[in-house]
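Q: Right, I'll just put the structure down here and ask away after.
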Amino acid sequence: MSKALLIIDLQNDFCPGGKLAVPGGDEIVPVVNGLMDKFPLVLASKDWHPEDSVHFESWPLHCVRDTEGAAFHPGLRSEEIDKIFLKGTESKDDGYSAFEATNHDLEEYLKEKGVEELYLTGLATEYCVRASALDAVRKGFKVNIVLEGVRGIDSTDVEKAIEEMEREGVNFVSYLDLAE
Ligand SMILES: [Zn+2]
C-alpha cells in the first residue's frame, strides 16, 4: 500500500452557507468522491476547534468540535474514509496542517501503512491544503495535489501558494489523469 488519498477539511463551515465558506468549496465533493475508489487508503483531516481558541482572533468562529459546522459536507462519501485526523484541537493551536492532528499522528500512521505518496484534495488551497502539502514534502512524502479537488479563498493568494508549493517539490495533477 504505497498511495493514499488525503482529504483536507471538507467540512460544512468551509462550504457555501458555512461560517468560513470557501467559494465553490462544495463543488469539489463529486471529484473527491470519484477519487476514493482509486486509492487503497482514504484519509481525511478535520478542523476541530474548542470554542475558546486563539485561532478565532484571526478567523471567524468555525468548525467548533461536535457542531454541524464541523461535520463533513453531507455529499461526501464519508463512510469510505479509513481514518480521520483532528487538528486545531487545542485553544493555543491553529492546526493548519493535517500533520498537527492530535488524535492520531499522521506521519507515524502513514509510515505504519507503508504510504510513500499522497494525493491531496480539500479546502482551502492556500491555508490548510498548503500547510499539509508542505509538511508532507518536508517529511519525505511524494505529494500530488489534484487541481480539480481543491478550492481556495483568494485567487492571488492561491497563485502564490501554488508557486511556493511547486518550488518546494509538490506536484500538481489533474483528476482526468487519474480517472483511467
Ligand atoms: Zn480553523
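Q: On the basis of being touching a Pro at 6+ places or on another chain (Cβ under 9 Å), of a type in the set (A, V, I, L, M) and at pLDDT 95 or above, does Val22 make the cut?
A: So Val22 passes the test.
Q: State which residue is farthest from the ligand (Cβ to nearest atom) when the search covers only the range 78-96 and only residues that are under 11 Å from Asp47 (Cα atoms) and not charged (D, E, K, R).
A: Selected residue: Ile84.
Q: Continuing with this model, one more query. Checking the structure you have, find out if any residue of the range 61-70 is out of contact with any helix residue (DSSP H, G or I) (no Cβ under 9 Å at 6 or more places or on another chain) and closer than 26 Å to Met165 by Cβ. Break it down stepwise before answering.
A: Step one: of the range 61-70, the residues out of contact with any helix residue (DSSP H, G or I) (no Cβ under 9 Å at 6 or more places or on another chain) are 65-66.
Next cut, closer than 26 Å to Met165 by Cβ only: none.
Looking for residues that are out of contact with any helix residue (DSSP H, G or I) (no Cβ under 9 Å at 6 or more places or on another chain) and closer than 26 Å to Met165 by Cβ, one finds none in the range 61-70, hence no.
Q: Just one of Val31, Val22 is under 15 Å from the mean Cα position of the chain (by Cα), crowded, with 23+ Cβ neighbours inside 10 Å and either more than 12 Å from the ligand (Cβ to nearest atom) or not acidic (Asp, Glu) (or both); which is it? I'd like the intermediate steps shown before the answer.
A: Working: Val31 fails: crowded, with 23+ Cβ neighbours inside 10 Å.
Unique residue meeting the criteria: Val22.
Q: Give the residue that is surrounded by the most Cβ atoms within 10 Å (Cβ to Cβ), with candidates limited to residues of the range 53-99 that are part of a helix (DSSP H, G or I) and among the acidic types (Asp, Glu). Walk me through it before giving the result.
A: Initial filter on the range 53-99 (part of a helix (DSSP H, G or I)): 54-57, 68-70, 78-80, 98-99.
Next cut, among the acidic types (Asp, Glu) only: 57, 68, 79-80.
On the way: Glu57: 6, Glu68: 11, Glu79: 6, Glu80: 15.
Looking at the filtered set, the residue picked out is Glu80.
Q: What number of residues within the range 102-156 are among the hydroxyl-bearing types (Ser, Thr, Tyr), under 19 Å from Val32 (Cβ atoms) and not in a helix (DSSP H, G or I)?
A: Initial filter on the range 102-156 (among the hydroxyl-bearing types (Ser, Thr, Tyr)): 102, 109, 119, 121, 125, 127, 132, 155-156.
Right, trim to under 19 Å from Val32 (Cβ atoms) and you get 119, 121, 125, 127, 132.
Filter once more, keeping what is not in a helix (DSSP H, G or I): 119, 121.
The qualifying residues number 2.
Q: Starting from residues that are among the charged types (D, E, K, R) and within 16 Å of the ligand (Cβ to nearest atom), keep the ones in the range 117-133 and report whichever is nearest to Ile153 (Cα to Cα). Spell out the reasoning first.
A: Taking the range 117-133 as the starting set, the residues that turn out to be among the charged types (D, E, K, R) are 117, 126, 130.
With within 16 Å of the ligand (Cβ to nearest atom) added as a condition, the list becomes 126, 130.
Values: Glu126: 8, Arg130: 12 Å.
This residue is Glu126.
Q: Would you mind finding the one in Val143, Val129 that is of a type in the set (Val, Ile, Thr), over 22 Å from Cys63 (Cβ atoms) and crowded, with 17+ Cβ neighbours inside 10 Å?
A: Values: Val129 fails: over 22 Å from Cys63 (Cβ atoms).
Going through Val143, Val129 in turn, just one is of a type in the set (Val, Ile, Thr), over 22 Å from Cys63 (Cβ atoms) and crowded, with 17+ Cβ neighbours inside 10 Å: Val143.
The values are calculated or read from the model by the stated rules, or taken from the named source; none is laboratory data. Everything numeric here is computed off the predicted structure, so don't read it as measured data. Glycine gets a Cβ as well: all are built from the backbone with ideal geometry, and neighbour counts include every protein chain shown.
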